[in-house]
Amino acid sequence: MITKKHPLLLLSIGVLSLLISACSDNSSTSYEIVEAPDNQKETINPMEEDHSLHDHAKETETQKANKWHWVMPDSWTEAPAGRMVKARYVIGSGPEIPIELTISAFPGSVGSPLSNLNRWRGQVGLGPISEDLLPDFLTDLEIHHLPAYQADVIGPELPNYPSKRILVTAIQRQGETWFFKLTGDASQIGNRKAEYLDFIQSLQPH
């Protein structure tokens with residue numbers, strides 16, 4: 001006996017068969033992650049990082065272990081630092097007599113302002129002064145709310161010997177005293193004093 005199957009019934013059976021087949025398939029579904037072509041990847045160019053970090057590239061390069069940032073003038077050349085010196089710069093070129101800036105730090109106060117001043121005076125060939133004259137030779141400062149003082153000591157003119165000069169700023173911070181000391185020929189330091197003062201203004205504790 002031949003029976004005629006209804007088309008709608010056949011369609012329903014076919015859909016049901018597909019569903020049963022899909023459910024009985026024991027294989028897991030996997031998704032393939034297609035990597036974007038190289039020309040579509042987002043890249044970070046190290047030369048395109050925050051340019052504000054490069055504004056003080058010279059200072060951060062030589063201060064990784066220090067507690068200050070500072071801006072070094074272009075005319076200053078970094079030189080090897082000693083055991084007690086955090087950083088050292090040589091200033092001057094050509095016919096100029098080089099002068100030197102040293103940055104050092106010592107625990108505590110490292111002597112009183114008077115004893116420090118008299119030591120610097122001795123280094124340029126001057127005699128000591130008494131404490132009552134101290135305000136005439138030291139300038140009290142405050143740098144980023146830190147107590148500081150500054151001295152400008154000029155030695156005597158001697159035959160065939162240039163006058164020596166020391167321009168120094170001492171800053172007390174976190175139980176240490178930091179000295180930013182410019183030493184050398186008096187006339188050359190006079191020519192570079194504005195640079196030095198700008199350098200002191202650039203100091204940023206961190």
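Structure summary
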item	result
Estimated FRET transfer efficiency (Asp74, Gln201; beta-carbon r; R0 22 Å; 0.05)	0.85
Ranking of Thr169, Thr183 by count of other Cβ atoms within 10 Å, fewest first	Thr183, Thr169
Other-chain or far-sequence residues with amide H under 5 Å of Ala79's (modelled H)	Arg88, Tyr89, Val90
Net charge of Cβ neighbours under 13 Å - reference Gly155; Lys, Arg +1; Asp, Glu -1	0
Phi to ³J(HN,Hα) by Karplus 6.51 cos²θ - 1.76 cosθ + 1.60 over the stretch 71-82, Hz, x for Gly, Pro	9, 8, x, 4, 7, 8, 10, 5, 10, x, 9, x
Built amide H within the under 5 Å cut-off of Ile143, gap 5+	Ala148
Karplus 3J(HN,Hα) series, Hz, for the stretch 113-126 with 6.51 cos²θ - 1.76 cosθ + 1.60 (x for Gly, Pro)	x, 5, 5, 5, 4, 5, 5, 5, 4, x, 5, 9, x, 10
The stretch 80-183: equivalent-ellipsoid semi-axes (sqrt of 5 x gyration tensor eigenvalues, Cα, Å)	23, 20, 11
The stretch 149-206: proportion of alpha-carbon pairs further apart than 15 angstrom, %	53
Relative contact order computed over the stretch 57-205 (Cα-Cα under 8 Å; 6+ residues apart), in percent	24
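Where a number appears in this text, it was derived from the coordinates with a stated rule and is not lab data. Only a predicted model underlies this, so the values are computations on that prediction, with no experimental measurement involved. Methodologically, a virtual Cβ is constructed for each residue, glycine included, from the backbone with ideal geometry; neighbour enumeration extends over all protein chains shown.
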